[in-house]
1. Where residues in region 8-26 are more than 15 Å from the ligand (Cβ to nearest atom) and touching a Cys at 6+ places or on another chain (Cβ under 8 Å), which of them is most open to solvent (accessible area, probe 1.4 Å)?
2. Under the condition of being more than 11 Å from the ligand (Cβ to nearest atom) and without any contact (Cβ under 8 Å) to a residue 40 or more places away in the chain, which residue from region 122-160 is nearest to residue 218 (Cα to Cα)?
3. In region 202-215, is there at least one residue being more than 23 Å from residue 259 (Cβ to Cβ) and open to solvent by 60 Å² or more (accessible area, probe 1.4 Å)?
4. Return the pair list, or none, for Cβ contacts closer than 6 Å from residues in region 86-104 that are among the aromatic types (Phe, Trp, Tyr) and at pLDDT 95 or above to residues that are open to solvent by 30 Å² or more (accessible area, probe 1.4 Å) and not in a loop (DSSP other than H, G, I, E, B), at least 6 apart or on different chains.
5. Within region 217-265, track down each residue that is of a type in the set (A, V, I, L, M) and not in a loop (DSSP other than H, G, I, E, B).
6. In this structure, is residue 56 more than 18 Å from the chain's Cα centre (by Cα) and under 23 Å from residue 33 (Cα atoms)?
7. Only residues that are open to solvent by less than 10 Å² (accessible area, probe 1.4 Å) and either modelled with pLDDT under 95 or of a type outside the set (A, V, I, L, M, F, W, C) (or both): list them for region 27-40, please.
8. Say whether the condition of being polar (S, T, N, Q) and open to solvent by less than 10 Å² (accessible area, probe 1.4 Å) is met by at least one residue in region 59-66.
Amino acid sequence: MASAQRYLNKVVIVTGGSKGIGRGIVKVFVENGAKVVFCARGAEDGQSLESTLNKEGPGSCLFVSCDVSKDGDIKRLIDVTVERFGQIDCLVNNAGWHPPHKSTDETTAEEFRDLLNLNLISYFLASKYALPYLRKTQGNIINVSSLVASIGQKDAAPYVATKGAIIAITKAMAVDESRYQVRVNCISPGNVMTPLWEELASKTENSSVTIKEGENAQLIGRMGTEAESGLAALFLAADATFCTGIDLFLSGGAELNYGFKSQIP
Ligand SMILES: NC(=O)c1ccc[n+]([C@@H]2O[C@H](COP(=O)([O-])OP(=O)(O)OC[C@H]3O[C@@H](n4cnc5c(N)ncnc54)[C@H](OP(=O)(O)O)[C@@H]3O)[C@@H](O)[C@H]2O)c1
């Protein structure tokens, strides 16, 4: 039904769209009539999702191979989108990585710098290259941060720092771009079951116990889903027209109430 398509014919770019949260976002936008260009490094997963979603419609999607840690790849992603569709209405910066948990003592400067490049500079560059087009459409940017940016996380200082900076840059760009009617918002997911979450759990002593603990960290008693992540992004893009510079918690209430937190032996 056409009236159910909440982002009909809008052009959306999603970084890291072949799996996890990004995949949920690509799928919801296609379901709502958008033309979505999404990227990842792995072409196989990307092309397979592209062909599945194009069969389902009613919108469409295009996979572009791109490593967001490379400036030239990001530029090409924006260029390909404009060449194909002539406009950009929404940029979703999502591609990022959570390294295995490690103490500050074990973390090198190089590891921290590489993560800043992947998780933060890539968001800045994609925004920089997309903004000239977003200004023309009075479009919007959605940055995927993390709940841990606000509440901290054990043995993950560089990751938490990159995510905190994403919330800060969201606010800074919301201020700068308001004169062009471009909105800039972010989403802070708590635990959402994705390949990344599974991979981190597999590195712990007992992955099923880790997953159970991950589920119990939310008041809602489960993890969030890829589809719920997509709906949160669609809300910011299509409905939240009076919101800019906000950080939307997608967390099932994980940040609320006291828990057993002391690590003092
Ligand atoms: N899952 C959670 O609970 C959670 C919570 C808070 C925040 N987040 C944030 O949400 C975002 C997505 O996380 P996720 O859990 O969905 O991760 P995921 O399951 O690992 O999926 C990541 C996606 O990004 C792509 N990607 C990774 N590195 C890339 C690169 N250098 N260039 C281009 N694409 C790249 C991956 O494909 P390729 O590997 O083929 O490139 C994949 O499509 C991240 O920014 C993460 O920090 C996740």
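The values are calculated or read from the model by the stated rules, or taken from the named source; none is laboratory data. Predicted model only: the values in this text are computed from it and were never measured. Quick reminder, even Gly has a Cβ in these numbers, built from the backbone with ideal geometry, and neighbours come from all protein chains shown. The protein model used for the area step is the full one, side chains on, heavy atoms only, and it has no ligands, DNA or RNA in it. Shrake-Rupley method; radii C 1.70, N 1.55, O 1.52, S 1.80 Å.
1. 10
2. 152
3. yes
4. Cβ pairs passing all conditions: 97/118.
5. From region 217-265, those of a type in the set (A, V, I, L, M) are 217, 219-220, 223, 227, 231-234, 236-238, 240, 246, 248, 250, 254, 256, 264; that's our starting set.
Listed by number, the residues that qualify are 227, 231, 232, 233, 234, 236, 237, 238, 248, 250.
6. yes
7. Selection gives 33 alone.
8. Taking region 59-66 as the starting set, the residues that turn out to be polar (S, T, N, Q) are 60, 65.
Still in the list and also open to solvent by less than 10 Å² (accessible area, probe 1.4 Å): none.
No.
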